[in-house]
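What follows is a set of notes on a single structure, which appears directly below.
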């Protein structure tokens with residue numbers, strides 16, 4: 001026996017199913033929105049953390065340019081931050097990476113690269 005849509009909507013079963021299904025739909029949408037927001041905030045937190053490491057390593061470079069530990073921290077911080085920055089910053093990262101590897105640090109060029117990376121990170125965090 002087939003029951004019409006009108007009969008179903010007027011039945012007790014519809015009075016139970018419709019609110020139940022709509023609450024599940026609302027919970028699903030709410031959890032999706034929350035998960036998306038948390039992912040975005042975690043991304044920003046990681047970028048801020050990696051930029052902090054990068055800035056610290058960069059500031060130590062002029063003080064101990066020959067220190068293997070400082071060079072290692074600088075290279076690691078460059079590579080971590082590079083993963084999160086847009087492709088436009090690749091040249092700035094490459095310049096700093098090559099300067100550290102060759103131990104030929106040109107202050108003017110490195111400062112330009114540092115500022116470009118800083119602007120990129122600032123855009124990511126302020127989105």
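Annotations for the structure displayed:
- No other residue among 125, 117 is under 25 Å from residue 41 (Cα atoms) and surrounded by 17 or more Cβ atoms within 10 Å (Cβ to Cβ) apart from 117.
- Of all residues in the stretch 73-92, those satisfying the criterion of being in a helix (DSSP H, G or I) and either over 14 Å from residue 53 (Cβ atoms) or within 16 Å of the chain's Cα centre (by Cα) (or both) are 77, 78, 79, 80, 81, 82, 87, 88, 89, 90, 91, 92.
- Residue match in the stretch 92-101 (condition: in contact with a helix residue (DSSP H, G or I) (Cβ under 9 Å, 6 or more places away or on another chain), surrounded by fewer than 16 Cβ atoms within 10 Å (Cβ to Cβ) and modelled with pLDDT of 90 or more): yes
- So residue 14, is it surrounded by 13 or more Cβ atoms within 10 Å (Cβ to Cβ), modelled with pLDDT under 75 and part of a helix (DSSP H, G or I): yes
- Those residues of the stretch 34-80 which are over 18 Å from residue 97 (Cβ atoms) and at pLDDT 85 or above, in sequence order: 40, 41, 42, 43, 44, 45, 46, 47, 48, 49, 52
- Flag if residue 19 is within 30 Å of residue 111 (Cβ to Cβ) and at pLDDT below 80: no
- Selection status of residue 110, surrounded by 18 or more Cβ atoms within 10 Å (Cβ to Cβ) and either out of contact with any helix residue (DSSP H, G or I) (no Cβ under 6 Å at 6 or more places or on another chain) or closer than 30 Å to residue 41 by Cβ (or both): no
- One residue stands out in the stretch 56-65 among those that are in a helix (DSSP H, G or I) and touching a residue at least 12 places away in the same chain (Cβ under 8 Å): the one that is surrounded by the fewest Cβ atoms within 10 Å (Cβ to Cβ), namely 56.
The values are calculated or read from the model by the stated rules, or taken from the named source; none is laboratory data. Note that the coordinates shown come from a computational prediction; the quantities given were computed from them, not determined experimentally. All Cβ positions, even for glycine, are placed from backbone atoms using ideal geometry, and neighbour counts span all protein chains on display.
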